[in-house]
Amino acid sequence: MKSMKPDVWNKLVVLGEKQGAIRLSDLALEMGLGPEETLVFLRQVFPAGTGIEIYHQNSECWVDIKGESIQYMLPLSPGEWMQIHKMLHANKTADTAVMHSLRKKVSENGPIKVVMELLNQLELWDQELNESEQYMVQQLDTAIVEKQLLCLATYDNRTFIVHPCRVLHLEGQLTLIAEDSNDHCLVVVPLKEVKDISMVPSSKLPQVSPYEVEEFISAVRTMNEKETRLILKIHDPGTTNLFPEHHFLGKPCMITNPNGDLIWAAYVEPCEALYDWLLTLGKNVEILDPVKFKDDYLIYCEEKLRKIA
């Protein structure tokens, strides 16, 4: 099939921006054609007559156009959607209103939703904890609730006597925030470094407050520039897990809009575990802001799909 000439594309653009009635003479002038040529072109674009009505009024020919009739739905694969997304975001020089609209449609209606729907049906096996790691997290969660004193032994033969405060994803890995029993400072211990956990009989209680723990976590994330304010729209919040497990949500805020959707916002650390939580929400979540988080999430989904494929 021959490709369209540039002037034909321009005429289609003119039509696509029209909505409502216009004199045939005025439309022909905008398209750079004569009235008869314009009618021939219109019959080619609208062969079935749908989306257009041609009629006479007061001795003049009028054309009533429904511009949305020239919009097309392309049956693209997830890989094709992603390629279009990359091409649009790579081309920042042509930052026109049409390009902005196209980027928005591709981001919101294309690959992110397609990939989310695909991956939501698959078992996220490579992100699951093994049995020993699950047992360790359960031990720590129990110790936090019961305010127990623990001895942590690491693979490099160090030991810590601590009050566990919080298990969370920090800097991309599952981590324990704990209070040192000697100087009562807060310490950060990646769980992958912990070889063994044992309880230490003691009547001592932790001295740091939950507020101090939260401030400490925020400070660590701010220092490492790992924190961002995530804003989501969550549909059907009654059936959705709004609180991802072992994630620190800074200054969370939730507001219900008139449509019954929940606007969810919190300071979070973008990481694979947080992306996996979003995947479990499937169609019930829409990322509103920030754009960079949405782009990073899309890249993660692409890599995830590539690994599974």
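The values are calculated or read from the model by the stated rules, or taken from the named source; none is laboratory data. Just so it is clear, the model here is predicted, and its values are computed rather than measured. Every residue, glycine among them, receives a Cβ derived from its backbone with ideal geometry; neighbour counts consider all protein chains shown. Just so you know, the surface numbers come from the protein's heavy atoms only, side chains and all, with ligands and any DNA or RNA stripped out. Shrake-Rupley method; radii C 1.70, N 1.55, O 1.52, S 1.80 Å.
Distance from the alpha carbon centroid of region 233-293 to that of region 183-216 works out to 28 angstrom.
How much net charge surrounds Y155 when only other residues with a Cβ under 11 Å from its Cβ are counted (Lys, Arg +1; Asp, Glu -1)? Walk me through the numbers on the way to the answer.
Numbers: positive: R158, K192, K195; negative: D156, E193, D196.
After counting each charged neighbour, the total is 0.
What number does region 227-309 give for Rg over Rh if you use C-alpha atoms and the Kirkwood radius?
On the way: Rg = 12.7 Å, Rh = 13.3 Å.
Checking Rg against Rh, the ratio lands at 0.96.
Arrange the peptides 53-64, 183-194, 23-34 so that the one whose residues have, on average, the most other Cβ atoms within 10 Å appears first. Write out the running numbers ahead of the final one.
Numbers: 53-64: 12.2, 183-194: 14.1, 23-34: 15.7.
With the highest mean Cβ count within 10 Å placed first, the list reads 23-34, 183-194, 53-64.
Pairs spanning more than 29 Å between alpha-carbon atoms, out of K195/K283; K104/K307; K192/K283; K192/K304; K104/K226: K195/K283; K192/K283. With all protein chains kept in place, the per residue accessible area of region 242-309 amounts to 49 square angstrom at a probe of 1.4 angstrom.
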